[in-house]
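Coordinate-derived values only; no laboratory data. What you see is a predicted model; the values in this text were computed from it and never measured. Note that each Cβ is placed from the backbone with ideal geometry, even for glycine, and that neighbours are counted across all protein chains shown.
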Amino acid sequence: MSKTLFLPSTPLDLQAMRAPRYTSYPTALQFCEEVGPTDAIEALRASNDDLVPAPLSLYLHVPFCRSNCFYCGCTRTVTRNQTIMSTYAARLCDELVQRAENLDRDRRTVQVHFGGGTPNHLPDADLERIVGTIRQHYRVVSAVDASLEVDPRLVQANQPAFWRRLGFNRISIGVQDVDPRVQRLINRIQPSEMVAATVDACRDAGFASINFDLVYGLPGQTLDSINATMDFVEQQRPDRVAAFGYAHLPERLPAQRAINRAWLPDPQARFRMRNYIESRLIAAGYVAIGLDHFALPTDTLAQAFAEGTLHRNFQGYTTHAGCDIIGFGVSSISRVGRVFAQNTKALDDYASALERHEWPIERGYRQSDEDRLRERVIMGLMCHRPVDLVNLSRHYQLDAEELFADALDNLHAIAPRTRPLTSCHDGVLEVTEAGRPYLRLIAAQFDAYLNTTPSKSSLAV
Amino acid sequence: MAAQLKPTFRQTAHACSRCVMIGQCLPAGLTADELQRVDEIVGVNGRCSKGQTLYEAGDKITALYAVRNGSFKSYRISESGEEQVTGFFLPGDLLGMDGLHKGEHSSFAMPLEDSVVCRFPLDQLDEIMGETPKLMRKMTRIASRELDTQIERARNRSADAAVAGFLLDLRNRMADRGFDASRLSLKMSRRDIGNHLRLRIETVSRVFSRLRDQHVIAVEGRDISFLDPERLRTLAAQD
């Protein structure tokens, strides 16, 4: 496992800061309005006709939060109006029922994830109703991987047990940073005792896996504040930790305008923070998976990594490869076969589409053979798998060697003189130990669309 | 009812004598002179679009059709309106044989993908067959093979045996046509396969999963790789 810390000092590190996170290829920036509900429905029907139809992974987006965290880039609305939330929950149920009509009855659902927003801001009765609808209309396997993201400030003592009863077995807690000053600057004040109480309640209730979401690069953060956060993480020992770099995009995300660019750590400091987080977690026995995920060796994510079955979906690294992903709710993204489809972000449009019995899709993308080939390379690299370019060439009937000649040259050119970032023997491409911190930059070399959208990607580290 | 758009055909010199599929098709084994006679009557380049029937049950039979490119399924519609798939046709196969004895098509013929057919007008074909015993013998062999396949299909056998038999048959037919028989891209859906083998789609997928887990085949989408044909043969022969 990676024990190398690299010192950010070269122009390469600055280059690395432009690359996308690659939760899909092509990225959502390539989605367009030409691909819509008809394409998605057709893709679902075609997937039903496969000899062994892919298992399903359901994603449900709950766009509501009780208060406004300044750093957040997700699609969400701040509200305390129960009626609005319950009405939305009813729409989600409608969408679930409508979508089930496009799926053969024997399609197995192996993964369910509630994200947001704040899924636990929904009234309990609504969450129960949505889960009930899923169970009634989808064939959920008994070993389903079912998770939800929670805000610890809203967790009642009996709720973890309630979530377990509904069938959730994994949970993700937004922690960000424990420093009160940082919390004030991002408007997310949650005493660490509160988080600890949630962790205890989840453990008592029998959750198999607990994840902490941390963010570095936040206003007011220093290595000292991160130090305190890592002390807390070590103490609580969650099964997984996801550490995201803050993406400051105030032009696109109005909530972030409350954050003054001057308070943000500079790029070098971000690098040091990321490194520090990784070194603390590795010292505490976590396995580093990619750049932003860490897991205890006993966690299924670490096991998938060890077995080479790690995959990536819109949420990041996942244990469940080869699923058709169906998104429900505003802004959610689906992926069925070669078709990506993203739901509208507007609550009104979402509701009216469902009233017309239409899939509320706003934009999407249909992959070409070349897109598929590049996806296999990029995801293989991101998931630490050796990539067999010869095999892929044959499978997609494209000349990978020719297609990627420039990419491979670039990789040589940008690497530090004595430490290549990748190796390529007999057409099998692999990331070296030295290359691991630059995973996204390496993957970016194989992205055919990168030059067309230069400044929209967040900082890579 | 599926839309029907009758394809147009054209005449061309050397239609059969220079066709790559001739080894598999009706005129296989004919002499140059005999082939010339066939060339004169056959209509080529009949384009059929996926989803549009070539002919329908009850249509008067005026011709037999050979698949040149692509693939077809034949089916009948039951009293209750349900589709029952009776067979799959690959390049070189002849469509329309099952209705010959009564002069009208017994089933529907539907392309599984955009396909091309050649047309043998029946009255002219009859004439040539009178002069050419080889052609008559070939027709008999085609009918015999079809009969054999249908009887085998009616046999009581497990789902595993049925699916294994189906895959093997496809594999053999593709190999006979000179294609790489180690991998196939199936144009028929699991729905059609299940319908044809009288299995539920859930069962079809369960069998494919089992075969995949046992490394007898590899499956991705509609693509199959044959990893262990021997094992497949054993399974097909079972009850």
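Between residue A:204 and residue B:144, the modelled label-to-label distance comes to 8.1 nm, taking each label 7 Å out from Cα in the direction of the beta carbon.
Extension gain for the segment residue B:185 to residue B:227, taken as residue separation times 0.36 nm less the Cα-Cα distance, is 13.6 nm to one decimal.
Can you give the FRET efficiency for residue B:213 and residue A:141, using 1/(1 + (r/R0)^6), R0 = 22 Å, r = Cβ-Cβ distance, to the nearest 0.05?
Values: r = 16 Å, r/R0 = 0.72.
After rounding, the FRET efficiency stands at 0.85.
Using the Cβ-Cβ distance between residue B:169 and residue A:247 with R0 = 45 Å, the FRET efficiency computed as 1/(1 + (r/R0)^6) comes to roughly 0.20. Of all segments of chain A bounded by GluC sites (Glu not before Pro) found in a DSSP loop with no more than 10 other C-beta atoms within 10 Å, the longest spans A:252-461. Spin-label model, residue A:402/residue A:268: points 7 Å from Cα along the beta carbon direction are separated by 4.6 nm. For chain B, averaging the sequence separation of C-alpha pairs within contact (under 8 Å, six or more residues apart) and dividing by the residue count gives a relative contact order of 19 percent. Could you tell me the distance between the Cα centroids of the range A:180-228 and the range B:181-195, to the nearest Å? What the calculation gives is 52 Å, centre to centre. In order along the range B:100-115, the phi-based Karplus estimate (6.51 cos²θ - 1.76 cosθ + 1.60, θ = phi - 60°) of 3J(HN,Hα) comes to 3, 5, 10, x, 9, 4, 8, 9, 8, 10, 10, x, 7, 7, 4, 9 Hz; Gly and Pro are listed as x.
Reported to the nearest whole Å, the Cα centre-to-centre distance from the range B:132-178 to the range A:325-372 is 44.
Normalised by residue count, the protein assembly as shown yields a Cα convex hull volume of 182 Å³ per residue. Across B:164, B:154, B:109, mean-square fluctuation computed from a Gaussian network of chain B (C-alpha pairs under 10 Å connected) peaks at B:154. With K and R counted +1 and D and E -1, the other residues having a Cβ less than 11 Å from that of residue B:199 yield a net charge of +4. Applying D = kT/(6 pi eta Rh) to the range A:254-329, where Rh is the Kirkwood radius over alpha-carbon pairs, T corresponds to 25 °C and eta to 0.890 mPa s, the Stokes-Einstein value obtained is 163 µm²/s. Where a ≥ b ≥ c are the square roots of the eigenvalues of the C-alpha gyration tensor, would you call the range B:157-237 rounded, which needs a/c under 1.5, or, failing that, prolate if a/b is larger than b/c, or oblate? Since a/c stays below 1.5, the shape of the range B:157-237 is classed as rounded.
Among the listed pairs B:73/B:102; B:6/B:50; B:6/B:134; B:6/B:73; B:60/B:134, those with a Cα-Cα distance over 23 Å are B:6/B:134; B:60/B:134.
Distance from the alpha carbon centroid of the range B:1-54 to that of the range B:58-84 works out to 17 angstrom.
For chain A, the relative contact order is 22 percent, taking Cα pairs closer than 8 Å that sit 6 or more residues apart in sequence and dividing their mean separation by the residue count. Taking 0.36 nm per residue of sequence separation and removing the Cα-Cα distance, the residue B:100/residue B:80 pair yields an extension gain of 4.7 nm.
When a/c is below 1.5 the answer is rounded, else prolate if a/b is larger than b/c, else oblate, so apply that to the range B:82-153 with a ≥ b ≥ c taken from the square roots of the Cα gyration tensor eigenvalues.
Prolate, since a/c reaches 1.5 and a/b exceeds b/c.
The overall shape of chain B is prolate: from the C-alpha gyration tensor, with semi-axes ordered a ≥ b ≥ c, the ratio a/c is 1.5 or greater and a/b exceeds b/c. Relative intensity of the range B:92-222 on a log10 scale, I(q)/I(0) at q = 0.12 Å⁻¹, equals -0.61, per a Debye sum over C-alpha point scatterers of equal strength in the absence of solvent. Take every pair of alpha-carbon atoms less than 8 Å apart whose residues are at least six positions apart; their mean separation over the length of the range A:25-124 yields a relative contact order of 43 percent. Here the Kirkwood formula puts the hydrodynamic radius of the range A:368-448 at 12.5 Å, using every distinct Cα pair. Given R0 = 22 Å, the distance between the Cβ atoms of residue A:29 and residue A:368 translates into a calculated FRET efficiency of 0.85.
Overall shape of the range A:324-461 was characterised from the C-alpha gyration tensor. The equivalent ellipsoid obtained from it has semi-axes of 35, 18, 12 Å, in decreasing order. Over the range B:32-153, all Cα pairs binned in 5 Å intervals from 0 give whole-percent P(r) values of 2, 11, 19, 24, 21, 14, 6, 2, 1, 0, listed from short to long.
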